[in-house]
Ligand SMILES: Nc1nc2c(ncn2[C@@H]2O[C@H](COP(=O)(O)OP(=O)(O)OP(=O)(O)O)[C@@H](O)[C@H]2O)c(=O)[nH]1
Ligand SMILES: [Mg+2]
């Protein structure tokens with residue numbers, strides 16, 4: 001996984017939030033400290049870490065919660081939004097004008113991953129129906145020609161190169177002409193990485209760019225550089241207005257968080273990230289989604305939307321009754337109906353990034369069962385609804401007859417009730433103990 005270490009420590013910081021009894025200033029302080037530690041280990045610049053955590057601290061205890069959103073959800077959302085905010089928030093695609101030749105020039109320091117990224121991008125766009133070709137203008141490193149040629153051939157991508165031509169500018173020009181002749185829409189130009197620092201790199205970029213006038217110049221940065229990547233991005237941003245960035249090697253690099261945040265801080269748009277050596281290990285950089293994965297939650301937004309849509313209110317009474325060990329059939333029905341509105345409960349937990357083993361049969365609330373339960377309950381007395389344990393054989397028979405169901409149906413309802421009561425007890429206990437348990441989803445109040 002990309003940035004595994006950072007993801008793990010952020011996730012466990014949030015888990016603490018799930019498990020806590022009360023959410024107060026003290027807890028937020030702890031959370032902020034955990035996040036700081038996690039970011040510093042990932043080589044995020046200290047002042048950036050402070051800016052990030054200050055924003056989290058300020059907003060976490062914000063008094064005005066949107067209706068239907070719990071404090072826990074709010075804090076998770078704040079952490080999520082803040083990290084995404086500092087990574088640039090919006091995804092920015094590569095600009096490709098369809099039907100026209102779009103020349104994209106790749107530059108970057110030696111070994112940063114230019115050639116590999118070109119192979120990946122060519123495949124990526126070809127698969128999406130864009131006619132894509134590649135040009136090797138790296139006449140500096142022996143083997144550069146055959147490296148790109150092989151990558152291109154493996155994916156059936158048109159390639160231009162000439163091992164006998166030593167002038168990079170001429171190579172680029174000739175290649176561009178060839179690719180235009182072939183009606184290519186996306187033309188990726190590979191350049192040599194003879195430089196070790198920003199200055200020389202920017203100079204060569206200017207020379208080639210002047211000659212071929214690319215539509216976009218992409219700087220490829222090695223993510224293992226950590227926050228040092230910022231200097232490269234800044235120099236590049238200053239030198240060109242048509243620039244974007246790919247950060248590579250984010251797989252298995254402990255410093256990737258530092259690289260991404262430092263590059264984003266310069267305002268240069270990160271368009272793709274490289275996540276492995278394989279030819280499919282590239283993805284468009286979408287900060288919001290990326291942070292979601294880091295936090296180990298695939299869809300917090302989806303969850304919050306859903307909760308709001310269902311207009312679920314916190315049922316204080318039910319919670320109080322439960323705390324006192326009372327849980328009636330009517331309570332169960334109300335809970336089941338709320339769950340039904342929210343969809344399969346397993347899915348909801350999954351969206352919260354939680355792994356919780358549910359008793360069998362609880363995974364989904366079925367319409368059919370709900371209706372039958374309701375019919376059965378209509379034949380019960382108030383006393384029976386409040387204290388289902390008094391329902392023994394003769395009452396059972398009467399209820400089944402009265403509701404036009406079978407005794408087995410009534411027993412099933414009672415079994416479901418017992419199961420749910422037990423589960424709710426366990427969950428409220430584990431929450432009171434302050435560990436594990438259930439996230440604070442309104443509507444599941446008291447569970
Ligand atoms: N793990 C990992 N390795 C990568 C990634 N991208 C590139 N590499 C590796 O990094 C090394 C250098 O990649 P190249 O694509 O040759 O780099 P380059 O910038 O073209 O290098 P020069 O042409 O010599 O300047 C190769 O071993 C690649 O397999 C990535 O996203 N993840
Ligand atoms: Mg190369």
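Coordinate-derived values only; no laboratory data. On a predicted model such as this, the values are computed, not experimentally measured, just so you know. Positions of Cβ are generated from backbone atoms using ideal geometry, with glycine treated the same way; all protein chains shown enter the neighbour counts.
Using the basic label-point model (7 angstrom from Cα toward the beta carbon), what is the residue 419 to residue 128 distance in nanometres?
4.5 nm
What fraction, in whole percent, of alpha-carbon pairs in the stretch 4-86 exceed 14 Å separation? It would help to have the intermediate numbers written out before the result.
Values: 2077 of 3403 pairs.
Of all Cα-Cα pairs in the stretch 4-86, 61 percent lie more than 14 Å apart.
What's the exposure ranking of 393, 192, 261, going from fewest to most Cβ atoms within 10 Å? Show your work: numbers first, answer last.
Details: 393 8, 192 20, 261 25.
Sorted ascending by nearby Cβ count, the order is 393, 192, 261.
Determine which residues of the stretch 372-390 fall in the zone a paramagnetic label at residue 397 would reach in this model, i.e. backbone nitrogen under 18 Å from the point 7 Å along Cα→Cβ.
Counting only backbone N, you get 380-381, 390.
Between residue 46 and residue 181, with labels modelled 7 Å along Cα→Cβ, what's the label distance in nm to one decimal, could you check?
5.9 nm
Work out how much length residue 163 to residue 90 would gain on full extension: take 0.36 nm times their residue separation and subtract the Cα-Cα distance, in nm to one decimal. Intermediate results must be reported in sequence, preceding the final value.
On the way: separation 73, 0.36 × 73 = 26.28 nm, distance 4.09 nm.
Full extension from residue 163 to residue 90 adds 22.2 nm.
Find the Cα radius of gyration of the stretch 181-241, compare it with 2.2 N^0.38 Å by division, and give the number to two decimals. Could the numbers behind the result be given before it?
On the way: Rg = 13.0 Å, N = 61, 2.2 N^0.38 = 10.5 Å.
Against the empirical 2.2 N^0.38 Å value, I get 1.24 for the stretch 181-241.
From the convex hull of the Cα coordinates of the stretch 102-294, what is the mean projected area in square nanometres? Don't skip to the answer; put the middle values down first.
Details: hull surface 39.8 nm².
Average projection, Cα convex hull of the stretch 102-294: 9.9 nm².
Give me the percent relative contact order of the stretch 102-294, please, defined on Cα pairs under 8 angstrom at least 6 residues apart. Let's see the in-between values first.
Numbers: 388 pairs, mean separation 47.5, N = 193.
Contact order relative to length: 25 percent.
Measure out, as a whole number of angstrom, how far apart the alpha-carbon centroids of the stretch 129-156 and the stretch 225-281 sit.
Each part reduced to its Cα centre gives a spacing of 22 Å.
To make sure I understand, if each residue's beta carbon is the centre and we count other beta carbons within 10 Å, what order do 202, 390, 376, 118 fall in, fewest to most?
Working: 202 18, 390 10, 376 21, 118 28.
In order of increasing Cβ crowding within 10 Å: 390, 202, 376, 118.
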